[in-house]
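Down below is the structure, laid out as structure tokens.
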Amino acid sequence: MASHRLVQYVGKRYGLRASEGLYDRLNVYYFVEGYALNDWPRLAKVAAEEISRLVAFDGDKASTGGGDGDGESHDSVVLEQEILTFLQSNEGRKEIDAASRALQDMGVHGIPKFIIEGSTMVDGAARPDVFVQIFREIEARGTVANGPVFGSILGLNEDVIERGSHSTETLSMS
């Protein structure tokens, strides 16, 4: 629960690129390095380091949804304490509970699962041609049928959603 709440918090505060980067880092932290997600001091340290790296990589904190736009990374120690304080609270719990219920209602019980246009579900093991067909249909239609399923559930504002997680610039820099 704590790590899901943290990723949601980071998305709201720093944007989807930072939250997705943190999510990727936490997968390695847990599945590869073998650390517990309920060790809050260690989790806060790793998260602060990753967020600082991502914000500095973007070169402009204003583009990630947080900071003052001066291009310098956050003080990792201050950020670590902010994260630890957040983890000790219940902030974000109701949103994560609501997202879990929405997933259950949709019949999602495992990952990876992709939800496209809010209703088309594709298993992570699907062949690439399944995804190509879906995206070609959207492309031919010229519009996306529905918005993100979890944006409002998780409390993301429209600006964060519109900015998305990846741009041509960030993809070419990675």
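Per-residue Cβ neighbour counts within 10 Å put 114, 31, 86 in the sequence 31, 114, 86, beginning with the fewest.
A crude spin-label estimate for the pair residue 90 and residue 32, with each label 7 Å from Cα along the Cβ direction, gives 3.6 nm. Here the Karplus relation 6.51 cos²θ - 1.76 cosθ + 1.60, evaluated at θ = phi - 60°, turns the backbone of the range 78-88 into coupling constants of 5, 5, 4, 5, 4, 5, 4, 4, 4, 4, 7 Hz, with x for every Gly and Pro. With the simple model of a label 7 Å out from the Cα in the direction of the Cβ, residue 165 to residue 39 spans 2.6 nm.
Residue-wise HN-Hα couplings along the range 157-165, as the Karplus relation 6.51 cos²θ - 1.76 cosθ + 1.60 with θ = phi - 60° gives them from phi, are 7, 4, 4, 5, 5, 4, 5, x, 10 Hz; Gly and Pro carry x.
Classified by the C-alpha gyration tensor, the range 80-166 has a prolate form. Its axis ratio a/c, with a ≥ b ≥ c, is 1.5 or above, and a/b is larger than b/c. Computed extension length for residue 1-residue 134: 44.7 nm, one decimal, from 0.36 nm per residue of separation with the Cα-Cα distance subtracted.
Pulled fully out, how much extra length does the chain show between residue 145 and residue 120, if you take 0.36 nm times their separation in residues and subtract their Cα-Cα distance? Spell out each step's value before the answer.
On the way: separation 25, 0.36 × 25 = 9.00 nm, distance 1.05 nm.
Working it through step by step, the gained length comes to 8.0 nm.
All of the numbers you see were taken from the coordinates with simple rules; none came from a lab. For clarity, every value in this text was computed on a predicted model and none was experimentally measured. Positions of Cβ are backbone-derived with ideal geometry, glycine not excepted, and every protein chain shown enters the neighbour counts.
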